[in-house]
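Accompanying notes for the structure given below.
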Amino acid sequence: MKVLLDTNVLIAGFITKGVCSDLVEHCLRRHEIVLSEFILDEFREKLVKKFKFSFQDADSAIRLMRARVLLSKPAPLFQPVCRDADDDMVIASAVAGGAVCIVTGDKDLLDLKEYQGIPILKPAEFSAFEAKQS
């Protein structure tokens, strides 16, 4: 199953132990994670600026993700869906990559609940969603 993990889920998965780290590990083992250059760039930027990772450590994390994920090439959406253009890029990445769901902690995305039949889930909701797909 193709699963798009939003930047905030990736960051939480890398810097803390818990739901998001378990989710990232699980998806790496059992599913295909869909990302885009936009998401990877945002991931790198947040690791360096907000969490004070060195450029080398952030680049190592990016290389690790690149080796294990499907990179989609999103086209701009026909019309804005979210008030934040970055959120529209996340949605466009999921659409372009054929993701069956988007997993995020972003409230604006979660408020949408879905886009073009792609459910938008909290990390804690993923296992129940996954069970329904089997």
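The values are calculated or read from the model by the stated rules, or taken from the named source; none is laboratory data. Quick caveat, the model's predicted, so the values are computed rather than measured. All Cβ positions, even for glycine, are placed from backbone atoms using ideal geometry, and neighbour counts span all protein chains on display.
Overview of values
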read-out	value
Close pairs (8 angstrom Cβ cut-off, 6 or more residues apart or separate chains): closer than 17 Å to Gly98 by Cα in the stretch 108-129, among the charged types (D, E, K, R) and at pLDDT 95 or above anywhere	Pro119/Lys113; Ile120/Lys113; Ile120/Glu114
Meets criteria (among the hydrophobic types (A, V, I, L, M, F, W, C), under 27 Å from Glu114 (Cβ atoms), at pLDDT 95 or above and out of contact with any Lys or Arg (no Cβ under 7 Å at 6 or more places or on another chain)) for Val34	no
The stretch 113-134, subset in a helix (DSSP H, G or I) and out of contact with any helix residue (DSSP H, G or I) (no Cβ under 8 Å at 6 or more places or on another chain), residue surrounded by the most Cβ atoms within 10 Å (Cβ to Cβ)	Glu130
Matching residues, the stretch 44-87, being farther than 23 Å from Lys2 by Cα and in contact with a strand residue (DSSP E or B) (Cβ under 7 Å, 6 or more places away or on another chain)	none
Hits in the stretch 59-71 (condition: more than 17 Å from Leu28 (Cβ to Cβ) and surrounded by 20 or more Cβ atoms within 10 Å (Cβ to Cβ))	none
From the options Ala94, Ala61, residue that is of a type outside the set (D, E, K, R) and at pLDDT below 95	Ala61
